[in-house]
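Remarks on the structure that follows.
The values are calculated or read from the model by the stated rules, or taken from the named source; none is laboratory data. Bear in mind the structure is a predicted one, so any value in this text is a computation, not a measurement. To get the accessible areas, we keep the full protein, side chains included, count just its heavy atoms, and leave off ligands, DNA and RNA. Shrake-Rupley method; radii C 1.70, N 1.55, O 1.52, S 1.80 Å.
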Amino acid sequence: MTEWVEMGKFAELDDVAKKEANRLAEYALDVALDPAKVIRFEETEKGFRLLIDEDLYKFYQGL
């Protein structure tokens, strides 16, 4: 089962949220991961959370 790491919280899926997701998508492509499989938004009571797969997070953190 995939572990997800929260990278941000947003009140709505506006341009700021989409730009952050696109930035992470470019990083995912740089390390040969499919952005559609390793990045997602999850709806919460107060908006949305931007989540990335644990493997992408490890690359992102340089682990």
Theoretical ellipticity at 222 nm over the chain - DSSP helices of four or more residues, -39500 (n - 2.57) apiece, nearest 500: -12500 deg cm²/dmol
Any idea of the accessible area per residue across the chain, 1.4 Å probe, to the nearest Å²? 73
Accessible-area composition of the chain, carbon plus sulfur, in percent [1.4 Å probe]: 48
Can you work out the Karplus-derived ³J(HN,Hα) for every residue in the stretch 32-46? Use 6.51 cos²θ - 1.76 cosθ + 1.60 with θ = phi - 60°, whole Hz, and x for glycine or proline. 6, 10, 7, x, 5, 9, 10, 9, 7, 9, 10, 6, 10, 5, 9
Among the lysines, which have Cα under 20 Å from the Cα of Lys19 when same-chain residues fewer than 8 positions away are ignored? Lys9, Lys37, Lys46
Length-normalised contact order for the chain - Cα pairs under 8 Å, 6+ apart - percent: 45
Correct choice for log10 I(q)/I(0) by the Debye sum over Cα atoms at q = 0.13, 0.21, 0.22 Å⁻¹ that was computed from the model, options [x] -0.35, -0.90, -0.97; [y] -0.31, -0.79, -0.86; [z] -0.43, -0.93, -0.97: [y]
Starting from the amide H of Leu33, placed 1.01 Å from N in the peptide plane, find each other amide H under 5 Å away whose residue is 5 or more places distant or on another chain. none
